[in-house]
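All remarks here apply to the structure that follows.
Coordinate-derived values only; no laboratory data. Since the structure is predicted, the reported quantities are computational estimates derived from the model, not experimental observations. Cβ placement follows ideal geometry from the backbone for every residue including glycine, while neighbour counts extend to all protein chains displayed.
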Amino acid sequence: MFIGHLPAGYLITCGLFKPLPLPKNAARRCILAGLTGAIAPDFDLIWCYLVDHGQHHHHLYPTHWPLIWFSALSLLLLWAGLVKNKYPVLLCVVFCVNGIVHLLLDSLVGDIGWLMPFDNTLFALAHVPAQYHPWWLNFFLHWSFMLEMALVVAAIWLWRRRRKASLIEAPVE
């Protein structure tokens, strides 16, 4: 997935506003946490290209291991049950949930090791055939890119709708 992670993060985060007991003024911080979580698994690209020199697919690194993300989410939910001020923990939960959604989206055509580190088998719903040069053109001309475009359109639609609603609610000076 190339451009779908941030729009998906926005959609997921906005969907979490109602079920999570977040303060009214927490929307911006929550969206920032969600968008950061939505791309956090790909922070390994820095290591992949600057240190590893692209010798291994970045989906093999621990930042793309579901076990890490689900373990972190479980610990955060336990922590949320123990502390009085749940706001910082809930921001971390939003971050983690979006990291997990990132892995789900990458599983469409991106090979994720759902059983890592116990089993190195990589899973993907579909594979993108290498037919075109440059390599990224294969992804842009694949059906999965239409899903990414749908996420972009849905996120823009929701953003405009939320913006319009906030302008209506704002007091007129």
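May I ask you to derive the relative contact order of the stretch 5-169, considering only C-alpha pairs under 8 Å and at least 6 residues apart, and to give it as an integer percent? It would help to have the intermediate numbers written out before the result.
Values: 180 pairs, mean separation 42.0, N = 165.
Value for the stretch 5-169: 25 percent.
Could you work out how far apart the two model spin labels at ASP119 and LYS18 are, taking each label as a point 7 Å from the Cα in the direction of the beta carbon, and quote it in nm?
My value for the distance between the label points is 3.7 nm.
What helices does the chain have that are whole DSSP H segments, at least 30 Å long along their own axis by Cα, and with mean Kyte-Doolittle hydropathy of 1.0 or more?
Numbers: long enough: 87-109 (35 Å, 2.00); 144-169 (38 Å, 0.54).
Counting only whole DSSP H runs, the qualifying helices are 87-109.
Can you compute the helix-only [θ] at 222 nm over the chain? Use -39500 (n - 2.57) per DSSP H run of at least 4 residues, normalise by all residues, nearest 500 deg cm²/dmol.
-19500 deg cm²/dmol
Please arrange MET146, MET1 by counting, for each residue, the other beta carbons lying within 10 Å of its beta carbon, fewest first.
Numbers: MET146 9, MET1 20.
So the residues, fewest neighbours to most, are MET146, MET1.
In a shell of Cβ-Cβ distance under 13 Å around HIS5, excluding HIS5 itself, what net charge do Lys and Arg (+1) and Asp and Glu (-1) give?
Values: positive: none; negative: ASP42, ASP106, GLU148.
Net of charged neighbours comes to -3.
For the chain, give the magnitude of the charge dipole about the Cα centre (Cβ charges: +1 Lys/Arg, -1 Asp/Glu; no others), in debye to the nearest 20.
Values: 11 positive and 9 negative charges, 216 e Å.
The calculation lands at about 1040 debye.
Rounded, prolate or oblate: which fits the stretch 37-120 when a ≥ b ≥ c are the square roots of the eigenvalues of the alpha-carbon gyration tensor, with rounded for a/c under 1.5 and prolate only if a/b beats b/c? Provide the component values of the computation, followed by the final result.
On the way: a/c = 2.40, a/b = 1.97, b/c = 1.22.
Prolate.
Going out from 0 in 10 Å bins, what whole percent of all Cα-Cα distances in the stretch 1-82 drops into each bin?
16, 38, 33, 12, 2
Using R₀ = 30 Å, calculate the FRET efficiency as 1/(1 + (r/R₀)^6) where r is the Cβ-Cβ separation of LYS86 and ILE156; round to 0.05. Intermediate values should be presented prior to the final figure.
Numbers: r = 31 Å, r/R0 = 1.03.
Plugging the Cβ-Cβ distance into 1/(1 + (r/R0)^6) gives 0.45.
Using the Cα gyration tensor of the stretch 100-173, with a ≥ b ≥ c the square roots of its eigenvalues, what is the shape: rounded (a/c below 1.5), prolate (a/b larger than b/c) or oblate (neither)?
On the way: a/c = 4.77, a/b = 1.96, b/c = 2.43.
Oblate, because a/c is 1.5 or more while a/b does not exceed b/c.
Tell me the net charge near VAL101. Cut-off is 14 Å between Cβ atoms, VAL101 excluded, with +1 for each Lys or Arg and -1 for each Asp or Glu.
Working: positive: none; negative: ASP42, ASP106, GLU148.
The answer is -3.
Choose one answer from PHE95, PHE145, PHE43: the residue with the largest mean-square fluctuation in a GNM of the chain with alpha-carbon springs under 10 Å.
Most flexible of the set in this elastic network: PHE43.
What Kirkwood hydrodynamic radius, in Å, does the chain give when the mean of 1/r is taken over all pairs of distinct Cα atoms and then inverted? Provide the component values of the computation, followed by the final result.
Values: mean 1/r = 0.0566 Å⁻¹.
After inverting the mean inverse Cα-Cα distance, the result is 17.7 Å.
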